[in-house]
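Q: Here it is, the structure in full.
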Amino acid sequence: MATHHVSEDVVVADHADDLARKLDADVIKNAAKADAAEHKMTIREAFQTHKKAIFWSMALSGALIMEGYDVVVIGSYYGHPAFLKRFGVEAPGTTNGYVIPAQWQSALSNGSSAGGILGLLINGWAADRYGPKIVMMTSIVALTGFIFIMVFANSLTMLVIGEVFCGIPWGVFQTLTTAYASEVCPIQLRGYLTAYVNLCWGVGILLSSGVVKATLPIASDWSWRLPFVLQWVWILPLATIVYFCPPSPWWLVRHGRLEEAENSVRRLTNQDIVGPDDARATVAMMVHTNELEKEASAGTTYIDCFRKTDRRRTEIVMMVFAMQLLSGQNLIGQGVQFLQTAGISTNTAFSLNMVLNSMFIIGTIFSWGLLALFGRRTLYTGGMASMCIVLFIIGGLAYIGTNSSIYAIGSLLIVLNFAYNATLGPICYTLIGEVSSTRLRQKSIVLSRIAYQIMNIICGIIVPRMLSPTAWNWGPKSGLFWGGSALLSTIYCYLRLPETKGRSYGELDLLFEHKVPAWRFKSTKADQFATHGVVRHDAEDPDSKEEIKHID
C-alpha cells in the first residue's frame, strides 16, 4: 500500500484504509474522541480523573523497594564484622581481621543479576500468556520461599544460590511495575509515575543502610541474618495490593476481553467523571492502537522485537537502560571505596555515602518538576552531558592530590549522583515505557533490563579493579574513563533518542513506522485517524505543526 506522506512534517497511517475496513466506524470515532480528550486534559484534570490509577501504580512500584534493599545489604556485608567472621578468610592487618575473597564478592554481587536475567526472560513470555497479575502473585509466593535460603544459609555457596533464586522474582518486578505504570495512566501522568520507580529503588537503598547499621551491635549471626528476615515484612502487603489491583486494560484488549477492559478502566478512574461511554471510548482507542500495531507487525515474540520498526525501538530501550551504567553511575554504587581511594577517611566516607544514597529520593522528586518543563530527550541527553563534564573534572582533580581537591572530589560525586537521579535514573523508566510498542512492551522492557544486567555484570568486574589498590589502582582517575563513555553516550542520545513527551502510543507508532529522525519527533505531526486522503493547510506560523483534514 502506498505511504500516506503529506509533508515531511506530517505523517499518517500507511494502512489507515485497511483499519477503516476492519474496525467498526463507531470504534474509530470513539477512539478519536478519547485520543483528543486525553491530549486536551490538563495535569490537574488528569490527577482528579485518575487518582485510583496513581494509587495502584505507586503501590505496585513498591515491589522494587525490595530489590534496592538487597543491593546495598549484600555490598555492606563485605565490611560487616559478624558476616566476615562467619564467612571470611583470615587477613591479618585488615580492619576486621577477615575478608571475603574477591571471587566470592563477584559471585554474591552478580548472583541477583544472573537470576534477574532469567526472571526477565520468563516474565516476558508468562506475562503475555497468563497476565501480569498471575505472574506477579506467583513471583511473590516464590520469593517467600527463596528468602529462607538467604536467612538460613551456612555457606557462601548457599548465599550465592539464594541471590540467584531471589533475583528471578525481582526480575519480574522490574518489568511488570514499569509496564503497569505506563499503561494505566494518561499521557500527562505517565512520566511522573514511571519515574517514581527510581524513587522506590532509593527508598530500598536507604532502608537497608539503616537496617544494617542498626544490627551491627548484635554479636551473633543474627546480626547479618536479620536484614534478610525483614524482607518477609513486604510479602503480605505486596500480595494484598496485587490481589486487589485492577488488571491492565491494555493486556485485556490484546486478548479480546473488551468488556473486562472497560470495567478495568472504570476501576482505575473517578467514576463521577468517567462514565460508561467514556470508558468505552478509551477502550476503543486501545483497540485502534492495537490494530494499528498489528498491521505494522503482527507477531509478539522476542524475535519480533528485532523486526521492522520494532528493531529501532528495541535498540533504543536497550541503550537507554545500558547507558545508565555507561554514564559512570556505577562509581556511585562503589561510593565508599571510591571516596576512600581518593584519600577521604572511613568515617567521612560513610557519612558522604549516606548523602549519596539520599540523592535517589531527592533527585527523583526534583525530576518531577523538570518533567513538567522539559521533554524526555532534553532531560536524558542534558543529564548525560552534565555527568560527562563532572566525571572529567573528577578525573582531572585526581592528579592534584591536595586536601581541597580530595574533598572537591567527594562533593562532585554527590553532584554526579544528583544529576543522575534528576535525569537519567527516573527518565529511563519513562522512556522504556513510552518507546516500546504496546503489543511488545513486556518483552521490550525485558530486553532493555537484560541489557542493563549484562552491563552491570561487566561493571561489577572492571570497576572494583579500577578502584582497588592491588589491581589497576586508578582511583578517582577512573572518572576520565567514564567521562569518555558518557561523551559517547551523549552523542548517541542526540542521534538516536526521540522525544516522546505528549504523544499517544498510536502517534508514536506512526512516527517510528515512518522512520522519522530522532531530532524531528517533537516537530512532526502524526494523525493516526486520517483515512483515504489528507490535505495540509500551511499555518502562518512556520514553527507550528501542520493540520490534517480528512477527505471523504
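The values are calculated or read from the model by the stated rules, or taken from the named source; none is laboratory data. Bear in mind that the values here come from a model prediction, so they are computed numbers and not experimental data. Counting neighbours? That spans all protein chains shown, and the Cβs are built from the backbone with ideal geometry, glycine included. Only protein heavy atoms, including side chains, enter the accessible area calculation; ligands, DNA and RNA are left aside. Shrake-Rupley method; radii C 1.70, N 1.55, O 1.52, S 1.80 Å.
Q: Would you check if Ala127 is in a helix (DSSP H, G or I), open to solvent by 30 Å² or more (accessible area, probe 1.4 Å) and within 25 Å of Ile241 (Cβ to Cβ)? Don't jump to the end; show me each part of the working.
A: Working: in a helix (DSSP H, G or I): yes; open to solvent by 30 Å² or more (accessible area, probe 1.4 Å): no; within 25 Å of Ile241 (Cβ to Cβ): yes.
The answer is no for Ala127.
Q: Is there a residue being touching a residue at least 24 places away in the same chain (Cβ under 8 Å) and within 18 Å of Thr309 (Cβ to Cβ) anywhere in region 446-459?
A: Yes: region 446-459 contains one or more residues that are touching a residue at least 24 places away in the same chain (Cβ under 8 Å) and within 18 Å of Thr309 (Cβ to Cβ).
Q: Which condition does Ala153 not pass, out of (1) open to solvent by 10 Å² or more (accessible area, probe 1.4 Å); (2) not in a helix (DSSP H, G or I), if it passes all the others?
A: It is condition (1) that Ala153 fails.
Q: Right, next: Taking the stated definitions as given, is Ile432 part of a helix (DSSP H, G or I), under 17 Å from Leu326 (Cβ atoms) and open to solvent by 10 Å² or more (accessible area, probe 1.4 Å)? First the steps, then the outcome.
A: Numbers: part of a helix (DSSP H, G or I): yes; under 17 Å from Leu326 (Cβ atoms): yes; open to solvent by 10 Å² or more (accessible area, probe 1.4 Å): no.
No, not satisfied.
Q: Being out of contact with any Leu (no Cβ under 8 Å at 6 or more places or on another chain), assigned to a helix (DSSP H, G or I) and either of a type outside the set (Gly, Ala, Ser) or surrounded by fewer than 22 Cβ atoms within 10 Å (Cβ to Cβ) (or both) is the filter here; which residues of region 362-388 pass it? Steps first, please.
A: Step one: list which residues in region 362-388 are out of contact with any Leu (no Cβ under 8 Å at 6 or more places or on another chain), which gives 362-363, 366, 368-369, 372-375, 378, 382, 385-386.
Among the residues that remain, those that are also assigned to a helix (DSSP H, G or I) are: 362-363, 366, 368-369, 372-373, 378, 382, 385-386.
Listed by number, the residues that qualify are Ile362, Phe366, Trp368, Gly369, Ala372, Leu373, Thr378, Gly382, Ala385, Ser386.
Q: Here is a list: Ser57, Ser76, Ser139, Ser61. Which entry is in contact (Cβ under 8 Å) with a residue 24 or more places away in the chain and over 23 Å from Cys185 (Cβ atoms)? Before you say what the answer is, go through the steps one by one.
A: Details: Ser57 fails: over 23 Å from Cys185 (Cβ atoms); Ser139 fails: over 23 Å from Cys185 (Cβ atoms); Ser61 fails: over 23 Å from Cys185 (Cβ atoms).
Answer to the selection: Ser76.
Q: For region 140-149, check the following and say yes or no: at least one residue is open to solvent by 50 Å² or more (accessible area, probe 1.4 Å), outside any helix (DSSP H, G or I) and aromatic (Phe, Trp, Tyr).
A: Within region 140-149 (the criterion being open to solvent by 50 Å² or more (accessible area, probe 1.4 Å), outside any helix (DSSP H, G or I) and aromatic (Phe, Trp, Tyr)), the answer is no, since none of the residues qualifies.
Q: Counting only residues that are in contact with a helix residue (DSSP H, G or I) (Cβ under 6 Å, 6 or more places away or on another chain) and part of a helix (DSSP H, G or I), which one in region 79-104 is most open to solvent (accessible area, probe 1.4 Å)?
A: Per the criteria, the residue is Trp104.
Q: Another question, if that's okay. Which is buried (at least 22 other Cβ atoms within 10 Å of the Cβ) and not small (Gly, Ala, Ser), of Met158, Met136? Show your work before the answer.
A: Numbers: Met158 fails: buried (at least 22 other Cβ atoms within 10 Å of the Cβ).
The unique qualifying residue is Met136.
Q: Could you please let me know if Ser523 is open to solvent by 10 Å² or more (accessible area, probe 1.4 Å), modelled with pLDDT of 90 or more and outside any helix (DSSP H, G or I)? Spell out how you get there, then give the answer.
A: Numbers: open to solvent by 10 Å² or more (accessible area, probe 1.4 Å): yes; modelled with pLDDT of 90 or more: yes; outside any helix (DSSP H, G or I): yes.
In short, yes.
Q: When Val265 is evaluated against the numbered criteria (1) free of Cβ contacts under 8 Å to residues at least 24 places away in the same chain; (2) farther than 14 Å from Tyr180 by Cα; (3) aliphatic (A, V, I, L, M), which criterion, by number, is the only one it fails?
A: (2)
Q: Looking at this structure, is Ile332 assigned to a helix (DSSP H, G or I) and modelled with pLDDT of 80 or more? Reasoning before the result, please.
A: Working: assigned to a helix (DSSP H, G or I): yes; modelled with pLDDT of 80 or more: no.
No.
Q: Further, regarding this structure: Filtering region 402-429 down to residues that are more than 30 Å from Leu189 (Cα to Cα) and surrounded by 23 or more Cβ atoms within 10 Å (Cβ to Cβ), which residue is nearest to the chain's Cα centre (by Cα)?
A: Looking only at region 402-429, we keep the residues that are more than 30 Å from Leu189 (Cα to Cα), and these are 402-413.
Add one more test, that the residue is surrounded by 23 or more Cβ atoms within 10 Å (Cβ to Cβ), and what stays is 409-410, 413.
On the way: Ile409: 28, Gly410: 27, Leu413: 22 Å.
Per the criteria, the residue is Leu413.
Q: Looking at Asp35, Asp26, Asp17, which one is under 19 Å from Asn290 (Cβ atoms), surrounded by fewer than 20 Cβ atoms within 10 Å (Cβ to Cβ) and modelled with pLDDT of 80 or more? Don't jump to the end; show me each part of the working.
A: Numbers: Asp35 fails: surrounded by fewer than 20 Cβ atoms within 10 Å (Cβ to Cβ); Asp17 fails: modelled with pLDDT of 80 or more.
Among Asp35, Asp26, Asp17, only Asp26 is under 19 Å from Asn290 (Cβ atoms), surrounded by fewer than 20 Cβ atoms within 10 Å (Cβ to Cβ) and modelled with pLDDT of 80 or more.
Q: Restricting the first residue to region 481-508 and requiring it to be assigned to a helix (DSSP H, G or I) and modelled with pLDDT of 95 or more, which pairs with a second residue that is surrounded by fewer than 20 Cβ atoms within 10 Å (Cβ to Cβ) and of a type in the set (S, T, N, Q) meet a Cβ separation below 9 Å and a spacing of at least six or different chains?
A: Going by the 9 Å Cβ cut-off, there are no qualifying pairs.
Q: Given the structure, is Ser112 in a helix (DSSP H, G or I), on the phi < 0 side of the Ramachandran plot, of a type in the set (S, T, N, Q) and crowded, with 21+ Cβ neighbours inside 10 Å?
A: yes
Q: Give the residues of region 458-479 that are surrounded by fewer than 18 Cβ atoms within 10 Å (Cβ to Cβ), among the hydrophobic types (A, V, I, L, M, F, W, C) and farther than 15 Å from Gln329 by Cβ, sorted by residue number.
A: If the condition is that a residue be surrounded by fewer than 18 Cβ atoms within 10 Å (Cβ to Cβ), among the hydrophobic types (A, V, I, L, M, F, W, C) and farther than 15 Å from Gln329 by Cβ, then Ile461, Ala471, Trp472 are the ones that fit.
Q: Moving on to the next point. Given the criteria basic (Lys, Arg), in contact (Cβ under 8 Å) with a residue 60 or more places away in the chain, in a helix (DSSP H, G or I) and under 30 Å from Thr49 (Cα atoms), does Arg190 qualify?
A: Numbers: basic (Lys, Arg): yes; in contact (Cβ under 8 Å) with a residue 60 or more places away in the chain: yes; in a helix (DSSP H, G or I): yes; under 30 Å from Thr49 (Cα atoms): yes.
Spelling it out, Arg190 is indeed basic (Lys, Arg), in contact (Cβ under 8 Å) with a residue 60 or more places away in the chain, in a helix (DSSP H, G or I) and under 30 Å from Thr49 (Cα atoms).
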